[in-house]
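Asker: One structure, pasted below without further comment.
The values are calculated or read from the model by the stated rules, or taken from the named source; none is laboratory data. All values derive from a computational prediction rather than experimental measurement. Cβ placement follows ideal geometry from the backbone for every residue including glycine, while neighbour counts extend to all protein chains displayed. Surface areas here come from the heavy atoms of the whole protein model, side chains and all, with no ligands, DNA or RNA. Shrake-Rupley method; radii C 1.70, N 1.55, O 1.52, S 1.80 Å.
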Amino acid sequence: MTTATGTRSETPRVLGCAGLGLLAGVAAKAGDESGWRWAADLGTYPAAWVLVVALVGWLAPSVRAAAVRAAVFFATMTVAYYAWAALVLDFGWATRLLLAWLLLSATAVPATGAVVHWATRRSGWLPGALLGVPAGLVLGSGATRGLWLTWVQPELSLPDRPVQVAAELVTAAVLVAVLPTDRRTRLWAAVLAVPALLVATDVLDLFRSLV
């Protein structure tokens, strides 16, 4: 009886995640085609999606719910993105990319949601690492890295991506400063974000080669 009641109470929230995923997918593809670079960047760089999945995991009542909600959101977002491109914009179906992102929706994404749920309810170096590493990857693989490079190498052109820089900083701040349960875990998250930041571009290149 309890299990059935729990399933019924979870269903509207899962459907809500599906609805948000549909809206996010359409918005991401519309941003790609809008001609506004900041809108295209938000859909292309990982910061916004990492933040959404992390918040889904954090707000979920259990590890299982976190995994299911994250998977449903990301899968419906993926389908909406490519369906909008194919059916509305007449770009055709990018089948290989669609399947690759759906595979991630069934594996890495629910795992991330579940891990964030677990980490945000515990203290110590391991929860800190599980939150700090994605923060470092976000900061080291996007527009913030480009801004940093122009500071250490003034001969480079200043990247004109202030919205994306803000998105990456907000995502990293949430992961390192907001989601950890206590000061000790926040410190671990901040410290362990640094090595992830240093290898972020290599990780991103590997990810792009796979999808």
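Asker: Rank these by accessible area, largest first, 1.4 Å probe: R145, R13. Walk me through the numbers on the way to the answer.
Answerer: On the way: R145 100, R13 130 Å².
Result of the area sort, largest leading: R13, R145.
Asker: Return the distance in nm (one decimal) between the two label points of a simple spin-label model at V170 and W36, each offset 7 Å from Cα along Cα→Cβ.
Answerer: Roughly 1.3 nm, to one decimal.
Asker: Using a 10 Å cut-off on Cβ atoms, rank the peptides 176-182, 94-100 from the highest mean neighbour count down.
Answerer: Working: 176-182: 18.1, 94-100: 13.0.
Ranking, from highest mean packing down: 176-182, 94-100.
Asker: What distance in nm separates the simple spin-label points at A108 and F91, each placed 7 Å from Cα in the Cβ direction?
Answerer: Label at A108, label at F91, 1.9 nm between them.
Asker: While we're looking at this one, here's another question. Report the net charge of residues surrounding L131, where surrounding means a beta-carbon distance below 14 angstrom and charges are Lys +1, Arg +1, Asp -1, Glu -1.
Answerer: On the way: positive: R121, R122, R183, R184, R186; negative: D182.
That sum, taken over residues with Cβ under 14 Å, equals +4.
Asker: Tell me, in nm to one decimal, what length is gained between S62 and V199 on full extension, where the rule is 0.36 nm per residue of separation less the Cα-Cα distance?
Answerer: Numbers: separation 137, 0.36 × 137 = 49.32 nm, distance 3.14 nm.
Extra length from S62 to V199 when fully extended: 46.2 nm.
Asker: What ³J(HN,Hα) values, in whole Hz, does the Karplus curve 6.51 cos²θ - 1.76 cosθ + 1.60 give for the range 54-60 when θ = phi - 60°, with x put for Gly and Pro?
Answerer: These are the phi-based 3J(HN,Hα) values: 4, 5, 4, x, 5, 7, 5 Hz.
Asker: For semi-axes √(5λ) of the Cα gyration tensor in Å, one of (i) 27, 21, 14; (ii) 28, 26, 13; (iii) 31, 18, 15 was computed from the structure I shared and the rest are decoys. Which label?
Answerer: (ii)
Asker: Could you report the accessible area of W84 in Å², rounded to 10, computed with a 1.4 Å probe on the protein chains as they sit in the structure?
Answerer: 90 Å²
Asker: I want the local charge near V88. Using Cβ-Cβ distances under 13 Å, sum +1 for each Lys or Arg and -1 for each Asp or Glu among the other residues. Walk me through the intermediate numbers first.
Answerer: Working: positive: K29; negative: D32, E33, D90.
After counting each charged neighbour, the total is -2.
Asker: For the chain, give the percent of accessible area contributed by carbon and sulfur heavy atoms, probe 1.4 Å, rounded to a whole number.
Answerer: Working: 8150 of 11490 Å².
Carbon with sulfur: 71 percent of the solvent-accessible area.
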